[in-house]
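A short worksheet on the structure shown next.
The values are calculated or read from the model by the stated rules, or taken from the named source; none is laboratory data. All figures in this text were calculated on a predicted structure; none of them were measured in a lab. Using ideal geometry, Cβ is built from the backbone for each residue, glycine included, and neighbour counts are taken over all protein chains shown.
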Amino acid sequence: MEALRTKAKELLAQGEVQVVIGYEAGTAGVRRPCFVRTAESAIRLVWDTNCIGNLAGYLTRPEIKRFGKPAIVANNAVLRSLLQLVAERQLQQDAVLALAVAQDGVVTELPTAQAVEDYLAISPGGLSAADREKMEHLAQLSREERWTFWQRELERCIKCYACRSSCPMCYCGHCTMDCNRPQWVSVPSHALGNLEYHTVRAMHLAGRCVQCGECGRACPVGIPIHLLTCYAEESVHRQFGQQAGTRAKLDYALGAFRPDDKESFIR
Amino acid sequence: MAEKNIYLPYLMRVAKVTDEAPAVKTFRLEFVNPEDADNFDFNTGQFGLYSAFGEGESTFCIASSPTRKGYIECTFRAVGRVTHALAAKEEGDIIGFRGPYGNLFPIEEWRGKNLLFVAGGIALPPLRSVIWNCLDQRDGFRDITVVYGARSVADLVYKYELRDWQERADIDLAVTVDPGGETHDWKGKVGFVPPIVEQLAPRSENTIAIVCGPPIMIKHTLPLLETLGFTSDCIYTTLENRMKCGLGKCGRCNTGRSFICKDGPVYTLAQLQELPAEY
Amino acid sequence: MATTLKISAASLAALFAVLGDAGRRILGPAEVDGRIELKAVRTLAEVAGDQIQPVLSAKETAFPRVERLLSYRMAPGKVELQDYDPEVQPTVLFGLRPCEAAGFNSLDAVFNWDTRDKFFNARREQLTVVGLSCTQADDACFCTSVGGGPGSTKGSDILLTPLPEGGYLAEILTERGEALKDLAPALFQPANGEDKEAMLAKVEPSFEHQGLAAKLPGLFTSDIWAEQSLRCIGCGACAFVCPTCVCFDIQEEADTKQGQRLRCWDSCGLRQFTLHASGHNPRSAQSERWRQRIYHKFGYFAERFGGPMCVGCGKCSRACPVDMNLKEHLTQVYEV
Amino acid sequence: MAKPFEPKITAFVCNWCTYAGADLTGTSRIKYQPNIRIIRLPCTGRIDFMLLQKAFARGADGIIVSGCHPNDCHYSSGNYHARRRWMVFNDLMEFMGVDGRRVTFSWVSAAEGTKWAALVNEVTDAVRQLGPYTEYQRLIGAGVA
């Protein structure tokens, strides 16, 4: 943690970056996002195993972009998001200085997307073991049981859009959910509206989801919605052999094709 | 006894459709249920929520004068989901109307005074209600002056009434279009609204100014009126925020301590200066 | 009106059966799929004991997340409107925390000032609130800063307070509470000077809400709102879990022949809330929306209705994905 | 007396192949079951999964999605793009427990009038056998107080 604070202080003091996006101590042991803009306040930064949130969503927010060049305290989720944002041309190759912090507290500066890519090649991260287990458990259920499971879960959804707002890849200024001519998806959080919303979310993140699980953590009512986007991403990986957030140059899987894409269900 | 459903609209028949300008239409609406018509009354400045069934509700002012009984008129531009659906309605179609809501232009307090109306573009409709209301009781007021401007000749609304007002001796009308918006046979003025007001230099003594238009027009007109000697309690305008209920509950139009749907939409400049500029 | 009685744990359990027999639905915090939620319960044993409060508030019982306002059928040149009257079962809200119970007062105010909202009232009139005083609090709680407290009677029809020797002090506060007690008067005993405070949680006040309200007008242009809202991601979680937030949206759902108008929760924190069809947005920045949330709750509402639109339950802070702790933020504003 | 169940099938087809193929079915006087409502779109590339959701939300018991065979797209690659999206959507439907037997994807060219008739008959029979899609239809109006 000291190494991180020192690094942040140095970067801000030398004017290499204007803001360090990191974690600070929040309510009752929670680690929350903070934006350090002066060398003196680098002391606010913390780093420990509770720093699990994905901070990359802030990189595309106008309020944060206004500050100038950012450095971002990065766990694997942040790094993958960063790569995917570069791949989707939301960030320039060298627009962000990633500060990857290892378990032992050693800080590695990753100034370019290439550096991030190389770093991730050694320590890729991805779906957590617990999530993998949940996903496999669901896959083993019968189709009807899966329907019942998701209906029961989605019934809780209040459409607060915390999932959308917390997702680093949901940077669209005008989301499909907000389009009303035509009204593609019903706005109210009734059974149909919830099913449609979460299907749209999963489909729109297929090939783009970095599997950070932030949406699931953000959900106030505890729906494991991240499993949907993670599953859609896995589906893309399995069928088209590419994974979001692994390369800085990556065509959108559903915006591309190969004439020999293999499936077995089209008659 | 069951309580009244405050969200239930009146059913209205579209009695007449007038094309005003590109994408701008005026509807004359008559109550489907004659009883509703008998019990209905409103004040100039009030607004309502108009339903296109199947699409939703949209908020705009009542553009006709309460002195004209048996119908209401509204003028709107097709912009979003509801206004587009409304624009597709034809004579004989049924739409919904909830209202009247909000406060009013206190024209009773204005008796014996000069009135100066300044409007821009699609903002003439709320003032048209007041203008006709005053013209219909012409003796109650002194000079009535109207300055109205739009981007182009095509964008002027109520062209047929503008001609009518032009010919009347009891109302002074100056119509202007933005430079470049004039046609070869345009006989009115060319220029933005504020300089035209400046040219006219209306007297401020015993005069009420009613101003409504796009923010840029308002921004330049208000200081001008103040230099002409209008005090902030003699300048009126009407606001329009997005609304869903019109009843001071849904929270959408809340601006400062004011709910535009209840405490507005009509404000004096003095009142407006007390509110944050969240409109 | 208020009378103070006592009820033993066994009698309280027996009261559940009485209520069930009397056709009352009982909703209480209980475990569902590993989460504490407000759900229909039949026995006291089902009610979750050791917990602060559920994520969602009980406002849903009077102001559902989605409800029908009217429906209609359409034919060329013809529309048939159909009014709607909700069918509501008499309901006992059991074990509501005093903060949440007080939240209903804010809803009552908004839904009934000027015009009466029959949908809210129809549901609200069927509710009897049996509050349960708090014996524990967490870092999000700040009821005592906004005029409430762990044993506050505001909004409850009956308030139960656990006693050190077991059982509960039962304050019968309203006619509705009285009517509920009268279903089984034998289950209650007269109180005997028990100390209500003995087991109550200690919640230290962090600020003083009148003082806060007085501060607000001078702070409108302050940087504090932009600073506080930097990490706000602009979702509606805080408003949706809030027991007092009442802002709503009206949505139309229809096919070519018929349709209905639905009311659903909305939030001033969402960008869409004030967005005009023209693209103009009176509150286009998140900082402005955050400021509106604070000003509405602690300034504008307080001015109109005489108290803050906040009960200090802390639900918003617990639900926030980025730990926007309301108590902390308000204290900061208060101390400016 | 209750009428025997007749499924409602919505077909989303591309303008250039399947719609023309269905036309050929008609001009060839090949009869097929009338349970189908055909919605013509310019290309399979335009057949968004949200259209399928809309069909179910309006009470469809089964859906056919059909367009040009690979390599035959009028716009050269619309069907390739569509195929990728169907591959993911099909997978996701399975994961969410949507009944995959109710959605049939196919390639029907402008020359395959008989294939179209056979496909429609087969799907109609299969969905009739499955019965109404009550699982999904139960959602309509659910969750509204």
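Here is how the numbers come out for the structure above:
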{"item": "Count of residues meeting criterion [under 17 Å from C:LYS39 (Cβ atoms) and in a helix (DSSP H, G or I)] in the stretch C:90-113", "result": "1"}
{"item": "Top-ranked residue in the stretch A:165-182 [being at the interface with another protein chain (Cβ under 7 Å from one of its Cβ atoms) and in a helix (DSSP H, G or I); ranked as nearest to the chain's Cα centre (by Cα)]", "result": "A:SER166"}
{"item": "Members of the stretch C:274-305 that are among the hydroxyl-bearing types (Ser, Thr, Tyr), facing chain B (nearest Cβ under 7 Å) and surrounded by 19 or more Cβ atoms within 10 Å (Cβ to Cβ)", "result": "C:THR274, C:TYR300"}
{"item": "Some residue of the stretch B:37-48 being within 14 Å of chain C (Cβ to nearest Cβ) and either among the polar types (S, T, N, Q) or surrounded by fewer than 19 Cβ atoms within 10 Å (Cβ to Cβ) (or both)", "result": "no"}
{"item": "Pairs with Cβ under 6 Å, 6+ apart, first in the stretch C:132-144 and within 14 Å of chain A (Cβ to nearest Cβ) and buried (at least 21 other Cβ atoms within 10 Å of the Cβ), second of a type in the set (D, E, K, R) and assigned to a helix (DSSP H, G or I)", "result": "C:ALA140/C:ARG318; C:PHE142/C:LYS327"}
{"item": "Residue selected from the stretch B:226-253 under the condition under 20 Å from the mean Cα position of the chain (by Cα) and free of Cβ contacts under 8 Å to residues at least 40 places away in the same chain, by the criterion nearest to the other protein chains (Cβ to nearest Cβ)", "result": "B:ASN241"}
{"item": "Residue match in the stretch A:226-239 (condition: more than 11 Å from chain D (Cβ to nearest Cβ), assigned to a loop (DSSP other than H, G, I, E, B), modelled with pLDDT of 95 or more and under 17 Å from the mean Cα position of the chain (by Cα))", "result": "no"}
{"item": "One residue from B:LYS249, B:LYS219, B:LYS189 being under 30 Å from C:GLY269 (Cβ atoms), touching a helix residue (DSSP H, G or I) at 6+ places or on another chain (Cβ under 6 Å) and of a type in the set (D, E, K, R)", "result": "B:LYS249"}
{"item": "In the stretch A:28-50, residue surrounded by the fewest Cβ atoms within 10 Å (Cβ to Cβ) [restricted to those that are assigned to a helix (DSSP H, G or I), out of contact with any strand residue (DSSP E or B) (no Cβ under 6 Å at 6 or more places or on another chain) and not charged (D, E, K, R)]", "result": "A:GLY29"}
{"item": "Selected residue [among the hydroxyl-bearing types (Ser, Thr, Tyr) and assigned to a strand (DSSP E or B)] from B:TYR267, B:TYR279", "result": "B:TYR267"}
{"item": "Residue in the stretch C:308-331 that is among the charged types (D, E, K, R), within 11 Å of another protein chain (Cβ to nearest Cβ), out of contact with any Phe, Trp or Tyr (no Cβ under 6 Å at 6 or more places or on another chain) and under 13 Å from C:SER106 (Cβ atoms) present", "result": "no"}
{"item": "Of all residues making up the stretch B:202-217, the number that are at pLDDT 90 or above and part of a helix (DSSP H, G or I)", "result": "1"}
{"item": "Top-ranked residue in the stretch B:1-36 [being among the polar types (S, T, N, Q) and within 14 Å of chain C (Cβ to nearest Cβ); ranked as surrounded by the most Cβ atoms within 10 Å (Cβ to Cβ)]", "result": "B:ASN5"}
{"item": "Residues of the stretch B:250-279 classified as buried (at least 22 other Cβ atoms within 10 Å of the Cβ) and farther than 19 Å from C:TRP290 by Cα, total", "result": "6"}
{"item": "Any strands (runs of 3 or more DSSP E) falling wholly within the stretch C:164-273 and containing at least 2 residues that are within 12 Å of chain B (Cβ to nearest Cβ)", "result": "C:248-254, C:258-265"}
{"item": "Residue within the stretch A:188-211 that is more than 8 Å from chain D (Cβ to nearest Cβ) and over 30 Å from C:GLY279 (Cα atoms) present", "result": "yes"}
{"item": "From B:VAL130, B:VAL79, residue being more than 17 Å from B:THR18 (Cβ to Cβ), under 18 Å from the mean Cα position of the chain (by Cα) and within 12 Å of chain C (Cβ to nearest Cβ)", "result": "B:VAL79"}
{"item": "Residue list for the stretch B:107-159, filter: in contact with a helix residue (DSSP H, G or I) (Cβ under 8 Å, 6 or more places away or on another chain) and among the hydroxyl-bearing types (Ser, Thr, Tyr)", "result": "B:THR145, B:TYR148, B:TYR158"}
{"item": "Residues satisfying the stated conditions in the stretch A:130-162, i.e. facing another protein chain (nearest Cβ under 8 Å), in contact with a Cys (Cβ under 9 Å, 6 or more places away or on another chain) and part of a helix (DSSP H, G or I)", "result": "A:ALA162"}
{"item": "Helices (runs of 4 or more DSSP H) enclosed by the stretch D:62-145 - at least 1 residues per element that are facing chain A (nearest Cβ under 7 Å) and within 21 Å of A:ALA202 (Cβ to Cβ)", "result": "D:78-96, D:134-137"}
{"item": "Flag if C:GLY28 is at pLDDT 95 or above, at positive phi and in contact with a strand residue (DSSP E or B) (Cβ under 6 Å, 6 or more places away or on another chain)", "result": "no"}
{"item": "Test: residue in the stretch A:183-197 that is free of Cβ contacts under 8 Å to residues at least 12 places away in the same chain and assigned to a loop (DSSP other than H, G, I, E, B)", "result": "yes"}
{"item": "Of the criteria (1) within 14 Å of chain D (Cβ to nearest Cβ); (2) of a type in the set (D, E, K, R); (3) in a loop (DSSP other than H, G, I, E, B), which one C:ARG116 fails", "result": "(1)"}
